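Below: the structure, in structure tokens.
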Amino acid sequence: MIWALLALLGIPLWFIATILGVVFLNRRQVTSSSDVFMFFERKGDGWKRRPGYARLVSDVVIVHHGPALVRSEARQVTDVEVCEQLDEAPKKLGEQAIDLVWTFADSESRRIAISTADLDRARPAATSG
């Protein structure tokens with residue numbers, strides 16, 4: 001809808017199409033990387049509706065945000081606790097979803113759900129023992 005409004009304001013359609021193409025191309029490039037995994041974050045009583053995408057480099061997790069996944073947040077992970085296999089996991093993770101808690105260097109923690117296939121990518125080598 002906002003793209004139609006921009007077109008009515010005089011922004012050329014080729015410019016809007018180029019911007020949309022760059023957004024989708026960058027998003028596909030990030031999500032198709034072999035070290036990136038999809039996760040859902042626990043917020044209050046349920047899981048967030050939109051998936052997050054992250055990669056682990058050594059003991060630092062890089063979480064990609066935004067429609068084009070160009071914004072990123074880097075945090076040092078000090079501990080990863082694998083909690084349990086989820087009965088009611090978000091749909092995009094499949095039937096084999098697992099719950100884990102990342103604890104960061106500033107003592108904040110984040111509870112996430114990931115696919116069991118992504119477990120090795122979601123925890124540092126030092127804690128996967």
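Taking every C-alpha pair closer than 8 Å and separated by at least 6 residues, the mean separation divided by the residue count of the chain gives a relative contact order of 21 percent.
Quick check: with the 1.4 Å probe, what order do Trp102, Trp47, Trp14 take by accessible area, largest first?
Correct descending sequence by accessible area is Trp14, Trp47, Trp102.
Rounded to the nearest 10 degrees, what's the angle between the helix 13-31 long axis and the longest principal axis of the chain, both from Cα atoms, 0 to 90? Result, in degrees: 10. One Cα centroid belongs to segment 20-36, the other to segment 58-77; the line between them spans 14 Å. Restricting segment 1-86 to trypsin sites (Lys or Arg not before Pro) that sit in a DSSP loop and have at most 16 other Cβ atoms within 10 Å of their own Cβ leaves Lys48, Arg49. Note that segment 106-113 has calculated 3J(HN,Hα) couplings of 8, 6, 7, 10, 9, 9, 10, 10 Hz, one per residue in order, obtained from phi through the Karplus relation 6.51 cos²θ - 1.76 cosθ + 1.60 (θ = phi - 60°); glycine and proline are x.
Can you give the calculated 222 nm mean residue ellipticity of the chain, where each DSSP H run of n ≥ 4 adds -39,500 (n - 2.57) and the sum is split over every residue, rounded to the nearest 500 deg cm²/dmol?
Dividing the helical sum by the residues of the chain leaves -6500 deg cm²/dmol.
Considering only alpha-carbon pairs that sit under 8 angstrom and 6 or more positions apart, the relative contact order computed for segment 53-129 is 27 percent.
Can you compute the FRET efficiency between Val22 and Lys48 using 1/(1 + (r/R0)^6), with r the Cβ-Cβ distance and R0 = 22 Å? Round to the nearest 0.05. For Val22 and Lys48, the calculated efficiency is 0.30.
The values are calculated or read from the model by the stated rules, or taken from the named source; none is laboratory data. Everything quoted here is computed from the prediction, not taken from an experiment. Cβ coordinates were reconstructed from backbone atoms using ideal geometry, including for glycine residues, and neighbour counts include every protein chain displayed. Areas reflect the complete protein model, heavy atoms only, side chains present, ligands, DNA and RNA absent. Shrake-Rupley method; radii C 1.70, N 1.55, O 1.52, S 1.80 Å.
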